[in-house]
1. Could you tell me which residue of segment 207-237 is nearest to the chain's Cα centre (by Cα), considering only residues that are assigned to a loop (DSSP other than H, G, I, E, B), more than 19 Å from residue 323 (Cβ to Cβ) and modelled with pLDDT of 95 or more?
2. Given the residues 35, 112, 60, which is the only one that is out of contact with any strand residue (DSSP E or B) (no Cβ under 6 Å at 6 or more places or on another chain), at pLDDT below 95 and either buried (at least 16 other Cβ atoms within 10 Å of the Cβ) or part of a loop (DSSP other than H, G, I, E, B) (or both)?
3. Among (1) surrounded by fewer than 20 Cβ atoms within 10 Å (Cβ to Cβ); (2) under 16 Å from the mean Cα position of the chain (by Cα), which single condition is residue 175 missing?
4. With respect to residue 254, determine if the residue is more than 30 Å from residue 168 (Cα to Cα), surrounded by 13 or more Cβ atoms within 10 Å (Cβ to Cβ) and at pLDDT below 85.
5. Anything in segment 257-274 that is part of a helix (DSSP H, G or I) and surrounded by fewer than 18 Cβ atoms within 10 Å (Cβ to Cβ)? List them, or say none.
6. Residue 300 passes all but one of (1) in contact with a helix residue (DSSP H, G or I) (Cβ under 9 Å, 6 or more places away or on another chain); (2) surrounded by fewer than 15 Cβ atoms within 10 Å (Cβ to Cβ); (3) at pLDDT 85 or above; which number fails?
7. Which numbered condition in (1) surrounded by 11 or more Cβ atoms within 10 Å (Cβ to Cβ); (2) more than 19 Å from the chain's Cα centre (by Cα); (3) in contact (Cβ under 8 Å) with a residue 12 or more places away in the chain; (4) part of a loop (DSSP other than H, G, I, E, B) is the only one that residue 204 fails?
8. Please verify whether residue 425 is within 18 Å of residue 132 (Cβ to Cβ) and free of Cβ contacts under 8 Å to residues at least 12 places away in the same chain, treating the condition exactly as stated.
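The values are calculated or read from the model by the stated rules, or taken from the named source; none is laboratory data. Given the structure is predicted, the values throughout are model-derived calculations rather than measurements. All Cβ positions, even for glycine, are placed from backbone atoms using ideal geometry, and neighbour counts span all protein chains on display.
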């Protein structure tokens, strides 16, 4: 049994760190070990850093996750959920029998009418399962037999910030650990020279803001924090030495700083001091590992062509997808991509054309690239946003232009790779695309299933905080076995 999962052990663990304990028993073996570590050669090693779980709860089907988060709420009605009835009833009012009194946002709740709006884009069936995909996603259509398309996701959150926070942390209220932090805490790292949890954000995209707490640790130790990689000459802020500072000087500075932290730790037993030492050492090692992984100049031309014309432009979604593959190859456990711009309350046809042009080819290329390298079967890839869009138009409806408001009752995502049942469609919405009629998948269900594929029982990975045990799926959720191979 994992001692950190035992509530009786938590007060002791909170007051006495492992380093503090070892330094005060066994003739200071902990101090000897730490001194040896700090004096050791800082070159890259193949050793892994374990998490709190001594082993996975069951055999894992995936080793890592690449999460392609589409911030703003992509319209399922223009992408994966084909509803010809909306075109037939174009302009007619949303029936009360369909809405059933469900709440609307303040942006469209006060409209004089709620006219149904069919998609102006054509849909066709693709793959062995005959999945309906929009003409906006021709590259995704070519890899559809690798996907499990979920058309029945739902959430309680109706506005962006709580909805995004819910998908990233399992709670609408900020302050909880992110899913990447939970995985880092539970499973540890497979690479001592790169963070276990890396965040990539498409540059120069407006729309809804993204806060660092979305990849934060909440009440978990800060060592499990996600590390944001940026485009430009400094992928990680404050990682490089300042002008005039040598690597030997930085090494000496860290050694002396670590000695001071050890002295403080002997007095206080503060576990955060150990986390700080660990992060300083990781930063030192990253000075060589980050430039190597972010230098894509060694990639062959056919790889850039696979990911599309933006692949050579740092910070684009295409470049980030390529970087995600390089990180996955090097053992990074959780790679989070954020792409903003899907919040189309008006001008949806033009807006979603741009979004799909930026994301369709790179996302499909990522699957193809992972597959041809033998990595897809052990990498869980997730695509989706925080909620869907309404079947009625927000604002003026014309034959060529319309908008859609937030809709938490049903939206679409897709999963691929490690342990996912390929070439399937899960869940169904009503002919109006407003309510789920079969096999709903809640946000907690998605998280439980993701953890299951990584070998974790979502009810058993817990952390005691403020008197009770918390988990990512707090306090419900089920593994959706129908999407698991």
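1. 216
2. After ruling out the rest, the residue left standing is 112.
3. Here residue 175 clears every test but (2).
4. yes
5. Passing the criteria: 257, 259, 260, 263, 264, 266, 267, 268, 272.
6. Unmet for residue 300, out of (1) in contact with a helix residue (DSSP H, G or I) (Cβ under 9 Å, 6 or more places away or on another chain); (2) surrounded by fewer than 15 Cβ atoms within 10 Å (Cβ to Cβ); (3) at pLDDT 85 or above: (1).
7. Unmet for residue 204, out of (1) surrounded by 11 or more Cβ atoms within 10 Å (Cβ to Cβ); (2) more than 19 Å from the chain's Cα centre (by Cα); (3) in contact (Cβ under 8 Å) with a residue 12 or more places away in the chain; (4) part of a loop (DSSP other than H, G, I, E, B): (1).
8. no
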